[in-house]
1. Among the residues of the range 324-345, what is the count of those that are within 40 Å of the chain's Cα centre (by Cα), more than 16 Å from residue 268 (Cβ to Cβ) and buried (at least 16 other Cβ atoms within 10 Å of the Cβ)?
2. Of 126, 161, which residue is of a type in the set (S, T, N, Q), within 23 Å of residue 255 (Cβ to Cβ), crowded, with 18+ Cβ neighbours inside 10 Å and modelled with pLDDT of 85 or more?
3. List the number of the failed condition for residue 291; all other conditions in (1) in contact (Cβ under 8 Å) with a residue 40 or more places away in the chain; (2) under 30 Å from the mean Cα position of the chain (by Cα); (3) closer than 26 Å to residue 422 by Cβ hold.
4. Of 71, 76, 109, 83, which residue is more than 23 Å from the chain's Cα centre (by Cα), more than 19 Å from residue 290 (Cα to Cα) and modelled with pLDDT of 90 or more?
5. Tally time: how many residues in the range 369-404 are touching a residue at least 40 places away in the same chain (Cβ under 8 Å) and in a helix (DSSP H, G or I)?
6. Being of a type outside the set (D, E, K, R), surrounded by 15 or more Cβ atoms within 10 Å (Cβ to Cβ) and at pLDDT 95 or above narrows it down to one residue among 139, 204, 188; which is it?
7. Search the range 173-194 for residues that are over 23 Å from residue 442 (Cβ atoms) and pair each with any residue that is acidic (Asp, Glu) and buried (at least 22 other Cβ atoms within 10 Å of the Cβ) when their beta-carbon atoms are under 9 Å apart and the residues are at least 6 apart or on different chains.
Amino acid sequence: MQISQFFYLKQSKPLLVAAIDFGTTYSSWAFSFRHEYESDPTQISAKQWLEHESTKGPTTVLIKPDGRTLEAFGYEAETRYAELIDEEAHESYYFFKRFKMKLWNQKIERDMVIQDENSRYLSAKTVFALSIKWLKDDLWRISNDKISGTIRENEIHWVLTVPAIWDNAAKQFMREAAKQAGIEETSLTVALEPEAASLFCRHLPVERSGNKTSLGIPKAGQRYLVLDAGGGTIDITVHGVLRSMEVKELYKASGGAWGGTKVDEAFKGFINDIAGFDAMGDLKRNHLYDFIDLFRRFENKKRSISPDKDSKTIIPLPLSLCTLIEKRQGRALCDLIKNTYYASSVSMTNEKVKIDASVARRFFETCVSSTVGHLKNILSLPVNRGVEAILMVGGFSESPMLQYAVSKEFGALKRIVPREASLAVLKGAVIFGHNTKAIKERISQRTYGVETTSPFDATKHDVTKKKYYEGKARCTDIFFKHIEIGQKLKVGETQFKRRYVSIESDQSSIVFPIFITYEKNPMYTTDPGCTCVGNLTIPLSRSGKDREVIVRFIFGGTEIDVEATEKSTRKVHHLKIDFLV
């Protein structure tokens, strides 16, 4: 069992839960006391970025030239970096923006480095840890009047959100970054974003029936799909309500990198099409603050782009961009437009580009079509029959374009967009921290197993895998399955238990490489599609052969727990699989 989950067995009701929603584009924090949760689970205090009238700040970090010290985070990081540019003192600083996606769909290593906006490299762990620390410390600083003198730091339990489609290595990386940021491992729970949003929305008054208000979902036996549309990823899960009014996952989490940043990429491509070269790349390299400011403006504009409004979208362009294009092409941007596909739908006036609604709507095509197509595939599966509603959460769910596409394609289903769609994950994470058992069952996204050996059998084993251990022939590379893809995993219950025996007398530990695959019944870890994702190390207290260990795997939580008991000593080890090997 992992230490984080073991902690909760001992202290299931922390005095205060504080959550950090670390998003691709925006981040923030929120908290609530135990008595507030027990009175009203939605009574949650969240940060207000007052000077910007925003409930979230940009996931942007500025790090000093030493590569270890934080200069600023969020809006302040953007402003401070602009000042450094004006002072021509910025080149030695590290400036990172929207870096969370560096952990998506790639091999993650403990000592990996990531590239900043000026193509300089720094430890990814440092960048994430400094960002989490700022959010952690900011909660204490701003909420000092409410918290100071009332509660000690060791009475707080922290919750850190991650996409449900992230792999185990990414989750572990975030956990280790949080530890480096000063959050004790025993005081941290990882929450899956769509699950957190689902828990929050179940408490919101969306429908009224007589004197009662409810979301219209939490009735025993009802099923609904959670569409968590953020800046970087689209996370989709299907939930069902149990008789106890708790939730179980009906279909494994899935999704892709189709979030709101895809709209930004389309806009960037649009400008480059008109300019005839990578003008936006040049702008970013030579006038980074103007580049950031342009997309800050575009972020506001894209929220008003609608399928049923034909008004033009007007976006002021930086003078530096217009100058770069004219210097490179020898012609002004307004003249270049006339010789493009956009001649009749786009124009320029006083450094403002005016875009017809039909063109602006095309910025959304890739992310919307990918999301809707994936939803169709999920809802067509027999296991998901009976889904009654689509719950749309996350900042990108507020987009009229995405809402319209979902309504048009799935008109027979109820579509629910809560008023606080962009805060649903953050506030839901607080609720989850108070009640980590609210999600009772999840579905395995992969087949999990360990690499082991077995007595060699010439009738079924590959002779090339035959190896002798202390005189006994064994078959190597055996995929010993623990959990099968699609298997139901009840939270807190042991899904797999097995006896393992040491085969060499001088072993001080048993090391199991952990493998995953999409196949249900692989035979060898060398089969196509099998990937080694980590190692489990079980310590052995005594020497000698045939030492026996009983190992229990608990897969139902947001992270995998392992408990190993040495038979001879009855010593129990609470272990973690190391996915960052």
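1. 2
2. From the options 126, 161, the qualifying one is 161.
3. It is condition (1) that residue 291 fails.
4. Exactly one of 71, 76, 109, 83 is more than 23 Å from the chain's Cα centre (by Cα), more than 19 Å from residue 290 (Cα to Cα) and modelled with pLDDT of 90 or more, namely 71.
5. Total meeting the criteria: 16.
6. The conditions single out 188.
7. Close Cβ pairs (under 9 Å, with a partner that is acidic (Asp, Glu) and buried (at least 22 other Cβ atoms within 10 Å of the Cβ)) do not exist here.
Results for (1) out of contact with any strand residue (DSSP E or B) (no Cβ under 6 Å at 6 or more places or on another chain); (2) under 30 Å from residue 113 (Cβ atoms), shown as yes or no for each residue.
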site: 491; (1), (2): no, no
site: 504; (1), (2): yes, no
site: 509; (1), (2): no, no
site: 540; (1), (2): no, no
site: 565; (1), (2): no, no
site: 576; (1), (2): yes, yes
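The values are calculated or read from the model by the stated rules, or taken from the named source; none is laboratory data. Since the model is a prediction, treat every value here as computed from it, not as a measurement. Neighbour counts run over all protein chains shown; Cβ positions are idealised from the backbone, glycine included.
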